[in-house]
Amino acid sequence: MFATKPGVRFVRPVVKSIGRNQILSCRSIPSCHYSTGAGGQGGKANHFLPLTLLGVAAVGLTYYNMNNNTKPPTPSIDPTSSTIQGSPLFPSEKYPEAINVVFVLGGPGSGKGTQCSKLVKDYKFVHLSAGDLLRKEKSTPGSEFGDLIDHYIKEGLIVPQEITIQLLKNAIVEQYDKGNRKFLVDGFPRKMDQALSFEKTVSEGKLVLYFQCPEEVMLQRLLNRGKTSGRSDDNLESIKKRFTTFIQTSMPVVEYFDDQHKVVKVDCNEPVDDVYNHVVSQFKEKNII
Ligand code: ADP
Ligand code: C5P
Ligand code: MG
């Protein structure tokens, strides 16, 4: 912990290695939790007023942080930051076998989910979509992150990485225990802090499959998908914000992995099966399948 204001403590984010049923705690999210000074969690009646005021301040600050997240990203990655401390889960004493992780990236509507489904069918990958995991968490009754996730998704912003990484870790551990070792991690990492944190605390990515797609094509696909998807972000206003986030925040991640020669680029603007043939041949070339 470190002090922000007298009497108010800001709980540093801690990403610990997880137990399989670990429940995410708001206390580990930077913009999510404040406690009073000495004694911290005091919930007695005579503390009601100060706690209420602190609650209001915390909510205000959360929204302030959210809104400020709309600024262009500054890729200032501090490798000593507590958010990326830790050591990879896989392999480890508890999870002795390494896992194979392919990150699947591309703009919204580029076809990531569509192609992953085909790979699952033919090659028995486990498909984990970060967006799907967030939507599931959002609609889990009683989730303390429901409103926060809802806001970030509608605004096309990147949800604080602690949440997304914890959800991915939980899902990967669950699959590992079932004997699965091959993962397509779809729509992740979307921001540099996610990339560094995941590779440091979970596993490195063997390859990045990147779907190149013109914005007009993605726009038409998303508007079309929006007719039936029921997604709160498949509408013109949210789509525009998602495109901006993709260019400003997610493209640096693709470039980061490209510098490591880990990216295979596939043109998404072809019929689904043609795109898939390119994906399969690239995976074969790289010994992924
Ligand atoms: P993403 O997961 O990247 O957001 P999806 O896989 O959900 O994208 O695809 C977005 C929409 O575009 C869906 O309605 C899907 O059916 C459609 N789609 C995906 N790939 C193609 C393609 N190659 N050609 C035409 N439509 C596609
Ligand atoms: O990938 P998908 O389009 O399903 O993602 C929907 C939204 O989920 C994103 O626009 C973003 O708000 C959130 N998300 C995130 N971090 C990720 C993946 C998705 O914040 N790695
Ligand atoms: Mg998708």
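The values are calculated or read from the model by the stated rules, or taken from the named source; none is laboratory data. Nothing here was measured: the structure is a model prediction, and the numbers come from that model. Here the Cβ positions follow ideal geometry from the backbone for every residue, glycine too, while neighbour counts run over all protein chains shown. Heavy atoms of the whole protein, side chains included, go into the accessibility calculation; ligands, DNA and RNA do not. Shrake-Rupley method; radii C 1.70, N 1.55, O 1.52, S 1.80 Å.
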Run down Asp259, Asp193, Asp186 and say which single residue is open to solvent by 40 Å² or more (accessible area, probe 1.4 Å) and within 28 Å of Glu97 (Cβ to Cβ).
Asp193
Output the residue which, of all residues in region 163-193 that are within 16 Å of ligand 3 (Cβ to nearest atom) and in a helix (DSSP H, G or I), is farthest from the chain's Cα centre (by Cα).
Ala171
Can you give me the number of residues within region 216-256 that are touching a helix residue (DSSP H, G or I) at 6+ places or on another chain (Cβ under 6 Å) and of a type in the set (D, E, K, R)?
2
Please determine whether any residue of region 160-169 is among the acidic types (Asp, Glu) and either open to solvent by 50 Å² or more (accessible area, probe 1.4 Å) or within 16 Å of ligand 1 (Cβ to nearest atom) (or both).
no
Do we find that Thr201 is of a type in the set (Val, Ile, Thr) and more than 13 Å from ligand 2 (Cβ to nearest atom) in this structure?
yes
What residue, of Gly187, Gly205, is closer than 20 Å to Val263 by Cα, in contact with a strand residue (DSSP E or B) (Cβ under 7 Å, 6 or more places away or on another chain) and within 11 Å of ligand 1 (Cβ to nearest atom)?
Gly187
Out of curiosity, is Asp147 open to solvent by 40 Å² or more (accessible area, probe 1.4 Å), farther than 30 Å from Lys182 by Cα and either in contact with an Asp or Glu (Cβ under 8 Å, 6 or more places away or on another chain) or at pLDDT 95 or above (or both)?
yes
Just give me the residues in region 195-226 being more than 25 Å from Asp267 (Cα to Cα) and in a helix (DSSP H, G or I), in sequence order.
Leu196, Ser197, Phe198, Glu199, Lys200, Thr201
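Yes/no matrix, rows are residues, columns are (1) of a type in the set (A, V, I, L, M, F, W, C); (2) in contact (Cβ under 8 Å) with a residue 12 or more places away in the chain; (3) out of contact with any His (no Cβ under 6 Å at 6 or more places or on another chain):
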site: Asp193; (1), (2), (3): no, yes, yes
site: Leu223; (1), (2), (3): yes, yes, yes
site: Gln248; (1), (2), (3): no, yes, yes
site: His261; (1), (2), (3): no, no, yes
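If we keep just the residues of region 246-256 that are polar (S, T, N, Q) and under 22 Å from Val102 (Cβ atoms), which is least open to solvent (accessible area, probe 1.4 Å)?
Checking each candidate, the answer is Ser250.
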Taking only region 104-135 into account, find how many residues are under 22 Å from Glu255 (Cα atoms), in contact with a helix residue (DSSP H, G or I) (Cβ under 7 Å, 6 or more places away or on another chain) and near ligand 2 (Cβ under 10 Å from one of its atoms).
9
Can you work out which of the residues in region 119-143 that are of a type in the set (Lys, Arg), open to solvent by 60 Å² or more (accessible area, probe 1.4 Å) and part of a helix (DSSP H, G or I) is nearest to ligand 3 (Cβ to nearest atom)?
Lys136
